[in-house]
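Okay, so here's the structure we're looking at.
Every number in this text was worked out from the coordinates using simple rules, so none of it is lab data. All of these numbers come straight from a predicted model, not from anything done at the bench. For neighbour counting, all protein chains shown are included, and Cβ atoms are generated from backbone atoms with ideal geometry for every residue, glycine included.
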Amino acid sequence: MCGNNGSHHRFRVADHACDEAPREHGAHRLRTRIVNAIRELPLGSFAFVMATGIISVGAHLADLPVLAWALFGVAALGYGVLWLLMMIRFILIRRQMWSDLIGSAGAPECLTIVAGTCVLGSQVVLLVGNVTCGLALWFFGGVLWILLLYAFFLAGFVIEPKPTLERGLTGTWLLATVSTESVAILGTLLASHLGSWRDSLFLISLSLYLLGGFLYALIITMITYRLIFIPLSADMLTPPYWIGMGAEAITVVAGTHLIVKAADWTIVQELLPFLKGLTLFFWVTATWWIPLLLALGVWRHAYQRMPMRYQSQYWSLVFPLGMYATSTFGIGRLLDLPAFIAGAHLMLYVAVTAWLIAFLGLIQAIMDI
């Protein structure tokens, strides 16, 4: 009897060990997949914060407070999580990250960190009314803008070998404009609250608004040349090309904020006709891009049979949609055009739909890790 009990005990131990082995193996595989996912985390992941944040601002302008606050919470949470993941990624692959920071592909994507920081700061000022936190985010975003933008252009000028125009130039280059204008917008929102520093911050914001327009004209000329004169394959026509529209839309938002604040600064009052004309010019050209980008999307997915699978770059498509809605709200209220306000509401619904589709894709990608 005792022998049988010992035998049964050994069988139970063996069965337990067999059960534990697959569990340990499965846990090890999960850890490996998570580590690999962090290693491969795109530098442009902060486009998620940009897209979520600007749709939140659009919802705020459309008097949809529940949606605005919900997306603000998601953007703030995403911002914190992405910084944590980026720090872990830096620890894991420090050398690779330094290489990405000065590479023609990775460097412009890093500017999503600047734009994400300043869009979140704009939410903090507009929704929460926290000027101190907004100022801290503006300062942090401004320092990052100086470091990352100049590193991008300096590396592009001096580092060899240089990429070809075909492989090196993409829509992500226009993040130079987006990041610049995001700092300008947050600065304009903060200026009226800063007393003796008000005029200085207005001057910085006005200068960045104009600089962003210059960078757009410079880069979009090269991109247009690349699209027209160099063969384009479906895999090269990635979602960030929508930034061609989004970069103009954010310039419109920067311009409308400066115009609205004209009563607070004499120089802006003197420049009002110029600012209104230039801002309307950017809105018109942003609108012109939309049908062309839609047609290129049809060509890519319907004619060239490129499958639509989730990738983080799709947030670079959602962001311009939200930014266009926000810019149209600004133009409509500035010029007192009800039709523009109605169009802005419609575009906001389109942006929210695109955000939901991309967010579901993100959740599925996380579950598949």
Shape category assigned to the range 44-367 from the gyration tensor of Cα positions, a/c cut at 1.5
rounded
By the C-alpha gyration tensor axes a ≥ b ≥ c (rounded if a/c is under 1.5, else prolate when a/b exceeds b/c, else oblate), the shape of the range 246-369 is prolate
Taking trypsin sites (Lys or Arg not before Pro) as candidate sites, keep only those in a DSSP loop with at most 14 other Cβ atoms within 10 Å, then name the longest stretch of the chain containing none of them.
1-304
Computed magnitude of the charge dipole of the chain (debye, nearest 20; Cβ of K, R +1, Cβ of D, E -1):
720 debye
Gain upon complete extension [Arg167, Leu126; 0.36 nm per residue less C-alpha separation]:
10.8 nm
Residue by residue through the range 324-341, which ³J(HN,Hα) values in whole Hz follow from phi under the Karplus form 6.51 cos²θ - 1.76 cosθ + 1.60 (θ = phi - 60°), with glycine and proline marked x?
5, 4, 5, 5, 5, 4, x, 5, x, 6, 5, 9, 6, 10, x, 4, 5, 5
